[in-house]
Amino acid sequence: MDTLEAEDQLTIVNRSVEYRISKKLLRKIPYFQMMLSHDLQESRESKVELDFDEKAIKSMFDGIEIGCSFIEMDNAIALYDILDYFGLADSFLAACKDHFPDNFTIEHLPVVIPQVTSTTKLINSRSLNGFICRYFTKIANANVWLNYPLETIEYICKLDLMVDSEMQVFEAIMRWVTFECDSRKKCVEVLLKLVRWCHLKDEDLSKSMENELVKSLEFNPKFCSNDKGNCDCNTNRTEQEYFVMIEEWHKSNDIRIIVLANDLQPLFNRILKLDQSLPEHIMHDEHISDIIFLVQYSLYDSEQKIIRIDWKHNKYRWLYFSPYSYKLVKCISTDSTKVSILITCFFFNLANNSQNIVLLHFSGENFKVNVRFNQSYRYRHALLEAKDKFILINKDEDYFYYRSKPTAEQVSVFDLMSYFYAIHKETVLDNKIYMLTDSKFIELDIEEIDRKRKFKMIELPTFKKYWNLKKLHLISKQANDDRVILFDGSEKNFYCFNVNTRQWSSIGQIINYNFLGERKKTKLISLTSAFISVDFIEFA
């Protein structure tokens, strides 16, 4: 800073740091302009005391004096609030605002969590918590989870996480502890209190109590009483995955969303208005959900789409799949691996359902398989969500590609192939991928994939002689269920494949009525599963 006369400087004391800055420069900031233009004590004494984040306030003063600032993730949120407080121009705010969504990954959670409150403007605690809850199992499965400090693990595990079982919370805690067991085992008892034990199944409770570290502590899980008013476990975090039906409404831009319970009974519906002004970034308000689903346009044309639903204001908008999925995978899959070259020969004899395998692979996460099913169609790709990771699959005329930890770049590249056509429908339940293609129902065991390639052909139900593939929807929950559901959109009939008994059954039908009690036909866009906050479900 240039040497100036004392009367031309303002002394600014922020916590433990003192700055002397030209009043001429400071007058460019609305806050200081107002202060220096009035006969205030600070103006008369040429001194002002502040109480802001020291790193963030230094970045702002650097911008004033030097003309540039250094933004990091550990000061971006505080810096944005400071710039807004002092009334700086929108261009400064925009630069800070763009930095966060462009650079944030789950690796930054330990430095971001302490900065957010319910009123921080760049991102508030409600939005951040909603993101963490939605993708907890992916966060806990990443390598960065192992390096989080205790405070971050505690903060996350207290939230109303979207899990299929409280066992997932238990396993995430134990994974963190055992990574550095000697120093972290003293934290086990504190962290285990964050598991909501009364929502664990008996077999999972027994399994958790058999853990050697838990047994050594003689830990006794705390259960709530039957009286909900005295329940210490708050929300049942395992009841936040639902089935969602999306329909066109009256040949307009409006759509209808019907939310179905686990037993497929309708819970509520919403008529949603199109609103393209809804924000596009992946972190959003707590009353907003993003749902990925498959749209079948014709016999040879299908694509994955994303709908953003504002449940509070009954609005929606479509999101572009490629940029959205790129940002999401980049944010969450911080330890994804690059593509490995694999040499795999696979022959499937449809006549007797036999398979011969010759496999040479260099990675347990990326596979290329030569297949003989569905030769009549060319290309198909899909980004699937399993319980603890994203899966990228691709099917062309000869090969099936599987990537269990895709990079953001791989997701983006595969989306460029969307102009090729194919009818494939996929879902993931626990550790198995189920595919419907060319009237064939196929099961792929993910756990067996690095030992031997194993596709299983399963007969479709014989309830109908002819299945219109375009009208069929294949859905399942991500985990903790024994059903893969086949939905016939033409008649709105549900069929269930029980993964334990290996049997099909017809389980019901959806019938629409208008206000006169007459049956009403609507055009189904898709049926899928989705996580929806239990707070909103109770509100609805």
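None of the figures in this text is laboratory data; all of them are computed from the coordinates on show. Since this is a predicted model, take the numbers as computed values, not measurements. Because the Cβ atoms are built from the backbone with ideal geometry, glycine has one as well, and the counts that use them run over all protein chains shown.
Things worth noting here:
- Förster radius 22 Å - calculated FRET efficiency between Gln33 and Glu54 (Cβ-Cβ, nearest 0.05): 0.40
- Listed by chain and number, the lysines placed with their C-alpha closer than 16 angstrom to that of Lys251 are Lys273, Lys520, Lys521, Lys523; residues fewer than eight positions away on the same chain are left out.
- Net charge of neighbours whose Cβ lies under 12 Å from the Cβ of Ile258, counting Lys and Arg as +1 and Asp and Glu as -1: +2
- Pairs spanning more than 21 Å between alpha-carbon atoms, out of Lys207/Lys387; Lys121/Lys315; Lys28/Lys58; Lys138/Lys330; Lys138/Lys471; Lys440/Lys465: Lys121/Lys315; Lys138/Lys471.
- Förster-model FRET efficiency, 56 Å R0, Ser183 and Phe463, C-beta, rounded to 0.05: 0.45
- Sites Thr117 and Asp438 - FRET efficiency at Förster radius 45 Å, r taken between beta-carbons, to 0.05: 0.25
- Total formal charge among the other residues, if their Cβ is under 10 angstrom from that of Tyr19, Lys/Arg +1 and Asp/Glu -1: 0
- With N counted as the residues of region 6-103, its alpha-carbon radius of gyration over 2.2 N^0.38 Å works out to 1.08.
- For Lys523 and Glu203, the difference between the fully extended length at 0.36 nm per residue and the C-alpha to C-alpha distance is 110.9 nm.
- Sorted by Cβ neighbour density within 10 Å, fewest at the top, the residues Asp445, Asp62, Asp102, Asp164: Asp102, Asp62, Asp445, Asp164
- Inter-label distance, Phe219 to Val17: 4.1 nm, where each label sits 7 Å from its Cα along the C-beta direction.
- Within the shell of other residues whose beta carbon sits under 9 angstrom from the beta carbon of Ile288, the net charge comes to -2, with Lys and Arg scored +1 and Asp and Glu -1.
- Between the alpha-carbon centres of region 133-169 and region 89-120 there is a gap of 21 Å.
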